[in-house]
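Okay, structure first, notes after.
The values are calculated or read from the model by the stated rules, or taken from the named source; none is laboratory data. What you see is a predicted model; the values in this text were computed from it and never measured. We place every Cβ from the backbone using ideal geometry, glycine too, and count neighbours over all the protein chains shown.
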Protein chains: 2
Amino acid sequence: MKKFLFLLSGILLSFGLTAQENTIKENDSIQIRKIFNTALVNGKAYNWLDHLSNAIGGRLSGSLNAQKAVEYTQSQLEELGLDKVWLQPVMVPKWTRGTREYAYIQTGPGSSTEVNIAALGGSIATPTGGLKKQVIEVQGLEELEECKGEIKDKIVFYNRPMDPTHIQTFKAYGSCVDQRYSGAEAAAKYGAAAVIVRSLSLKIDEHPHTGSMSYGNLPNSKRIPAAAISTKDADYLSGILKLKKDLEFYLKLSSENRGEVKSYNVIGEITGSEFPKEIMLVGGHLDSWDLGDGAHDDGAGVVQSMEVLRLLKEIDYKPKRTLRVVLFMNEENGLRGGKKYAEVAKINNENHIFALESDAGGFTPRGFSFEASDAQFAKIEGWKTLFKPYLIHYFEQGGSGADIGPLKNEHIVLAGLAPDSQRYFDIHHAATDTFEQINKRELELGAATMTSLIYLIDKYGL
Amino acid sequence: MKKFLFLLSGILLSFGLTAQENTIKENDSIQIRKIFNTALVNGKAYNWLDHLSNAIGGRLSGSLNAQKAVEYTQSQLEELGLDKVWLQPVMVPKWTRGTREYAYIQTGPGSSTEVNIAALGGSIATPTGGLKKQVIEVQGLEELEECKGEIKDKIVFYNRPMDPTHIQTFKAYGSCVDQRYSGAEAAAKYGAAAVIVRSLSLKIDEHPHTGSMSYGNLPNSKRIPAAAISTKDADYLSGILKLKKDLEFYLKLSSENRGEVKSYNVIGEITGSEFPKEIMLVGGHLDSWDLGDGAHDDGAGVVQSMEVLRLLKEIDYKPKRTLRVVLFMNEENGLRGGKKYAEVAKINNENHIFALESDAGGFTPRGFSFEASDAQFAKIEGWKTLFKPYLIHYFEQGGSGADIGPLKNEHIVLAGLAPDSQRYFDIHHAATDTFEQINKRELELGAATMTSLIYLIDKYGL
């Protein structure tokens, strides 16, 4: 009977809530419709991204292009007439790729095949004349341990592919990225000469996908070069290794770590009219890899975040809480911008109630992933029906975004925009991450989806 | 209190169902997982589509390529080891584009700009030397009526754009397509010399989008040429018309209607083991427009439909009901295949319980649109949670597919796969509808989603 009454009270409660919610929803759905219409008819994200991608291009931390992106986004935020726009200085690692990488497989005298590689971000160079070594293929760090006796003076070829059965491609990425990040450190311990890593892509093509790697605590003298190889060439190499185990692989990289340089997070703010000390953050990262123009990673997140503030201004909505856009520097190879922002926020005793990052590509938005308490998540989930007309359906607890991670504490809600992920790793960190791969509407829908959530959080709190 | 008890019984009932459903769901979710894994790891749809798109190409009704597509898909279905594979003859209209269309805007002596046009499917040619006339711009058929006195001997330029605020782009298409389909017929009545129609695309680019048009009951002598103009050129023309109302537009088309020729629907069947007379149909259309290779419209639907039968065979599931794949001919300009199939089904007194069409592009599947009674729809909706792991969330009552429409009666459930629609009209009926625009995983996910629904309908009936 107790259970019975409990159920009953649940019903009555939900009936009560429904009536109240209906009124709320009517006003809110009008505002959200305005947000979407403005984004789709009169959006600015696409034009901003055109400039970032085509007029500027790849924005490697510490590069001239990264500095251009700082100046451009600062000027664009200033044009929006925000309450404050400022640059937050941050020291970032400067790594350069140097002249184009070069690699080939030699199966015998006069018999060689060129393959497509790209130095991993942070990798040292090979000797000037390159290096030519035998190859040992492993399917990941665990298998490396099993054949540690055979590694010495060889090139370790990490070839575990992403698992295509994951519906969310980020899960497939997550279960392979250790090869890229820690592969060189692990192989160097057993005396490897270099590592090549299968590109983290579900598509079989000729484009190598770069990305960050770390030598951990290895002293400079122990560090070895590391490069990504295209999926097509990885399959080729794996096949030919079965026929000729003692083939040789030639690798030449000119990349170099050049210490640290000064750069900036770009920040803009609409100060809250009622609760200025409650800060809502929306952001993406300004830096990108250098092979493409970084349109999806994370030019899209940058312009969508800027668009959130612009759209609220366009529909003449004045936030009660402070809304800050933060364009983080150096997500890709150091996360210095995210760390610096959180450090300064802590020093200033700032109260961030919410942070939303867009860093999963500019594809059709499906919803959000939240790092939140059950109670906070339940509150947010109550708004889900407002998003249904826009085919936004994915509200799940999970990860959020790398740059906002350092803000984590027991009160803040962190969230990540969750776009359709099927195409993301086809182009991620590769020469194919370009503006041509952006669909204007998909980008705009993402911005409107983010703006709608910010609007609701501003209105109802967390 | 009555209401109270009613609510209570509802709770108990739903608890009861939940327990039963859990068992069902456990088995079903294993089967559906198998379907998705097989599609993603070991799918065949992408290779089939590569052949249809690249080895064959555009498949205009009545063309040699359409015949090649008939023979290729028939042979592929035969290789699957189905219980039956056959061709169903159907007469289709044969329309040819002839030599490349040509058009320019002349604003004065020696001052002209070439624009990108494509004859609409079914249009007659211009005179051999083309025609050069003044232009009158209207925003649709209604506005044509308002200026009917000014039409005579002019080219009517229909320029109502698709409304970007529709989240589902098919709605935007639906509210503009009358200009293309009936624009020539309407303008001819007022003595127009020709019509040009703004391409039905939300993207501003240089590609004209063709599509079907009809002269209704107009006698041959009254028919006028009709062409699509690219959105970019439509904007250009509209802008320049504001400056120079009496500019002239030169148009040359060589298209021709060449009567009817024999073609085929391609059909394959797995005969049901328990209820062979209950037929479930899955299909798409083999024909396409000629400007691109028809990869999305509707090569994708063709190969996904074939893949449904192959996937069930791969996971060793033997349908209780008869499962038929139908690759319809002539959806684009006549719907002859769909009509013929329904006609024969009626003559043979066949009992179709379900028909599913994929004809909205090979993009990430979001769900289905159903033409069903409320009771039937409620039953289907009960399966929705089984699709959640695959991010399939869209189950709505609405339209289904053109080819299966003629099967409609009061018992059958019709459904259409609903993929993400944001990019579809960028490439629809244009030279850009090519295999390069297909993402392998998105295509495969669509096939798996369709197969899962067919599996559930086979298992539980409707």
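Annotations
- Here B:K379 clears all of (1) away from every other protein chain (no Cβ under 14 Å); (2) crowded, with 23+ Cβ neighbours inside 10 Å except the condition numbered (2).
- Hits in the range B:186-208 (condition: closer than 16 Å to B:E143 by Cβ and not aliphatic (A, V, I, L, M)): B:K189, B:Y190, B:R198
- Residue among B:K232, B:K245, B:K222 that is more than 24 Å from B:D178 (Cβ to Cβ) and of a type in the set (K, R): B:K245
- Enumeration of residues in the range A:423-444 that are of a type outside the set (F, W, Y) and assigned to a helix (DSSP H, G or I): A:D426, A:I427, A:E436, A:Q437, A:K440, A:R441, A:E442, A:L443, A:E444
- For the range A:352-385, a residue qualifies if it is among the acidic types (D, E) and over 25 Å from the mean Cα position of the chain (by Cα), and exactly one does: A:D374.
- Of all residue pairs spaced 6 or more apart or on separate chains, those with beta-carbon atoms under 8 Å, a first member in the range A:33-61 that is facing another protein chain (nearest Cβ under 10 Å) and a second member that is among the aromatic types (F, W, Y) are A:F36/A:Y390.
- Close pairs (7 angstrom Cβ cut-off, 6 or more residues apart or separate chains): surrounded by fewer than 18 Cβ atoms within 10 Å (Cβ to Cβ) in the range A:134-162, in a strand (DSSP E or B) and among the β-branched types (V, I, T) anywhere: A:C147/A:I136; A:C147/A:V138; A:E150/A:I136
- Of the set (1) part of a loop (DSSP other than H, G, I, E, B); (2) under 19 Å from the mean Cα position of the chain (by Cα), all apply to A:D246 but (2).
- Within the range B:328-339, the set of residues being in contact with a helix residue (DSSP H, G or I) (Cβ under 9 Å, 6 or more places away or on another chain) and of a type in the set (D, E, K, R) comprises B:E331, B:E332, B:K339.
- Any chance B:G62 is more than 22 Å from the chain's Cα centre (by Cα), in the same structural domain as B:L453 (by TED's automatic domain parsing) and not in a helix (DSSP H, G or I): no
- Taking each residue of the range A:406-423 that is away from chain B (no Cβ under 14 Å) and looking for partners that are at pLDDT below 95 and in a loop (DSSP other than H, G, I, E, B) with beta-carbon atoms closer than 9 Å, six or more apart or interchain, yields A:H411/A:L462; A:I412/A:L462; A:V413/A:L462.
- Residue in the range A:336-351 that is surrounded by fewer than 22 Cβ atoms within 10 Å (Cβ to Cβ), under 18 Å from the mean Cα position of the chain (by Cα) and at positive phi present: no
- All strands (runs of 3 or more DSSP E) inside the range B:296-390 with 3 or more residues being of a type outside the set (K, R) and under 21 Å from B:H428 (Cβ atoms): B:365-371
- Checked against the criterion of being farther than 30 Å from B:R258 by Cα and either touching a His at 6+ places or on another chain (Cβ under 9 Å) or assigned by TED's automatic domain parsing to the domain that holds B:F363 (or both), the range B:217-239 has at least one qualifying residue.
- Matching residues in the range B:439-456 - criterion: being within 12 Å of chain A (Cβ to nearest Cβ) and either of a type in the set (G, A, S) or buried (at least 24 other Cβ atoms within 10 Å of the Cβ) (or both): B:L443, B:E444, B:L445, B:G446, B:A448, B:T449
- Qualifying residue in the range A:121-128 (condition: over 29 Å from the mean Cα position of the chain (by Cα) and surrounded by fewer than 22 Cβ atoms within 10 Å (Cβ to Cβ)): yes
- Boolean, A:L356 is closer than 26 Å to A:L40 by Cβ, of a type in the set (A, V, I, L, M) and either touching a residue at least 40 places away in the same chain (Cβ under 8 Å) or touching a Leu at 6+ places or on another chain (Cβ under 6 Å) (or both): yes
- Meets criteria (in contact with a Ser or Thr (Cβ under 6 Å, 6 or more places away or on another chain), closer than 24 Å to A:E332 by Cα and surrounded by 24 or more Cβ atoms within 10 Å (Cβ to Cβ)) for A:A415: yes
- Test: A:L312 is in contact (Cβ under 8 Å) with a residue 24 or more places away in the chain, within 13 Å of the chain's Cα centre (by Cα) and surrounded by fewer than 23 Cβ atoms within 10 Å (Cβ to Cβ): no
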